[in-house]
Amino acid sequence: MKIVKPSALDKSFFEYQEIKEIASVRTIIDAVQKDGDAAVKKYTEQFDGVKLKQLRVPDVDLENAFDEIDDSVKATLKAAADKIRRFARKQKEQMQDFEFEIQHGVFTGQKVVPINRVAVYTPGGGYPLPSSVLMGAIPAKVAGVKEIALCSPPTTNGKIHPAILAAAYICEVKEVYQIGGVQAVAAMAYGTETIAPVDKIVGPGNQYVTAAKRMVFGRVGIDFIAGPSEVLIIADDSANPAFVAADLLAQAEHDPQAVPILITPSEALAKAVNKEIDSQLKRLATAAIAKQSVDNHGVIIHTASIDEAIDIANRRAPEHLELHVEHAEAHANHLRNYGSLFIGSYSAEVLGDYSSGLNHTLPTNTCARYTGGLSVLDFLKVQTTLRVNKDGINSIGLVARHLGEIEGLVGHANAAALRLEGVGKNG
């Protein structure tokens, strides 16, 4: 990867990259909204080469997929699911209903309520992503979502890959549709003859899926608008060059557009990592993809200090942020903007992707400045409540009436005044 000084970084390195409008996405969404199942089947045949007889996967196919996959795959999926479930439960514990008397006679509170119906989108393609099923469905289940619909394109012999179906079975998701792409997003947002519309759509996808999620946002909720995957590693002389190179390549193999970044004050480490990248690429089955990412989007930033590296990371707000430095825990306290933080050389990003319980659906494209990754909180609504008695209207009614008068909203002021008068008359 090219080695540059911080002064060489372009302004765009720190800026949100606008998601381009794709005209065909609007065309497909409009067609699905108008023609329902027929449009979904038409575009599935056009883009996936599969002529669907039915959109929904029969329940028996989920159980059969689970029964037929290798026992080691079952064990791996179950182990990952267990950690994700435990972490989601811990997160949910932090969200509680409450009511407290904020002022005499004025009782304010909140209720934490699950969303009713959500869709989990799982990409297909050359490599199945059963982990994305777990990451989306399990937090939704823990949150208490009543209806979970899964959609994934039919890419393996005209059907969804068995590992994805098995993951759905493990998550006890029974409503599965063998559709993907823009047509799946549109179907989940607007509904068809077969598919009931959802309240929120989550899960990763390609640029067309991302553009579709952006267009239907408002009618339904979404997790966020995701761009290419990113990893930013801060490392010093104590880092293992092989570990750093492996983690950069692990991210690079996702997509030719993926963004692997290393920031280090050590020129020797920078050169050693580049040497390791060249060596590891020679034995990496996904080298063709990873090399494009490394060559076109990879960069090593040679800083004067770790403090400068931390400043750059905070401004860049990466999806994944790794710390391969001495006293990593202390430095972690100075980092603010990231999707997930991996502290210490053994805390590989791959563990966050698969086996630690963390969710791997994370904000990219500098969006970690204002949001975190997918979690049980994405499937919960915090609703506020107010209960006021006669003492309470006396204590806060005058402020409400006065603010209504200040803003010229006389109806607001009157609604408070009438209650104040009523209390005064009735004692």
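Any read-out appearing in this document is the output of simple, stated calculations on the displayed coordinates, not a laboratory observation. Note that this is a predicted model, so its numbers are computed, not measured. Every residue, glycine as well, gets a Cβ built from its backbone with ideal geometry; the counts of neighbours run over all protein chains shown.
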Legend entry - More than 25 Å apart - percent of Cα-Cα pairs taken over the stretch 108-218: 16
Inset, instruction - Output ³J(HN,Hα) for the stretch 301-307: one whole-Hz value per residue in order, computed from phi by the Karplus curve 6.51 cos²θ - 1.76 cosθ + 1.60 with θ = phi - 60°, and x for Gly and Pro. - result: 9, 8, 9, 7, 7, 5, 4
Inset, instruction - With a cut-off of at most 13 other beta carbons within 10 Å, and DSSP calling the residue loop, which trypsin sites (Lys or Arg not before Pro) in the stretch 1-73 qualify? Please list them. - result: 20, 51, 53
Inset, instruction - Output the Cα-based Rg and Dmax of the stretch 7-49 in Å, rounding Rg to one decimal and Dmax to a whole number. - result: 17.8, 55
Inset, instruction - Identify which of 235, 313, 400 has the largest mean-square fluctuation in a Gaussian network model of the chain, with springs joining Cα atoms closer than 10 Å. - result: 400
Legend entry - Cross-link partners of residue 174 among lysines (Cα-Cα below 22 Å; sequence separation of 8 or more within a chain): 41, 53, 74, 78, 83, 141, 146, 159, 200
Inset, instruction - Name the residue farthest towards the positive end of the dipole of the stretch 226-275 from the options 233, 259, 272, assuming +1 on Cβ of Lys and Arg, -1 on Cβ of Asp and Glu, about the Cα centre. - result: 272
Inset, instruction - Would you work out which of 194, 108, 75 lies farthest towards the positive end of the dipole of the stretch 23-222? Charges go on Cβ: Lys and Arg +1, Asp and Glu -1. - result: 108
Legend entry - Cβ-Cβ FRET estimate between residue 194 and residue 146, R0 fixed at 22 Å, reported to 0.05: 0.70
Inset, instruction - At a Cα cut-off below 13 Å, give the aspartates and glutamates reachable from residue 34, other chains included and same-chain residues fewer than 8 away excluded. - result: 193
Legend entry - Chain lengthening between residue 93 and residue 383 when straightened (0.36 nm per residue, less Cα-Cα): 102.7 nm
Legend entry - Among 128, 58, 153, residue whose mean-square fluctuation peaks in a GNM of the chain (springs only between Cα atoms under 10 Å): 58
Inset, instruction - Multiply the residue separation of residue 307 and residue 420 by 0.36 nm, subtract the distance between their alpha-carbon atoms, and state the gained length in nm to one decimal. - result: 34.9 nm
Legend entry - Directionally averaged projected area (convex hull, Cα atoms, the chain), nm²: 26.1
Inset, instruction - For the stretch 181-254, state which GluC sites (Glu not before Pro) are in a DSSP loop and have at most 15 other beta carbons lying within 10 Å of their beta carbon. - result: 193
Inset, instruction - Please tell me the relative contact order of the chain in percent, rounded to the nearest whole number, where contacts are Cα pairs under 8 Å and at least six residues apart. - result: 20
Legend entry - Cα gyration tensor of the stretch 228-372 - equivalent ellipsoid semi-axes, whole Å, descending: 21, 18, 14
Legend entry - Beta bridge orientation in the chain: antiparallel %, DSSP, nearest 5: 30
Legend entry - DSSP loop chymotrypsin sites (Phe, Trp or Tyr not before Pro) with at most 16 other Cβ within 10 Å excluded, longest remaining stretch of the chain: 17-345
Legend entry - Net length gained if the chain between residue 412 and residue 278 were fully extended (0.36 nm per residue, minus Cα distance): 41.3 nm
Legend entry - For the stretch 21-88 and the stretch 343-391, distance of Cα centres in Å: 25
Inset, instruction - Please work out the Cα center distance from the stretch 190-207 to the stretch 148-184, rounded to the nearest Å. - result: 13
Inset, instruction - Kindly provide the helix-only [θ] at 222 nm of the chain, computed as the sum of -39,500 (n - 2.57) over DSSP H runs of four or more divided by all residues, to the nearest 500 deg cm²/dmol? - result: -14000 deg cm²/dmol
Legend entry - GluC sites (Glu not before Pro) lying in DSSP loop within the stretch 285-340, provided at most 15 other Cβ fall within 10 Å: 326
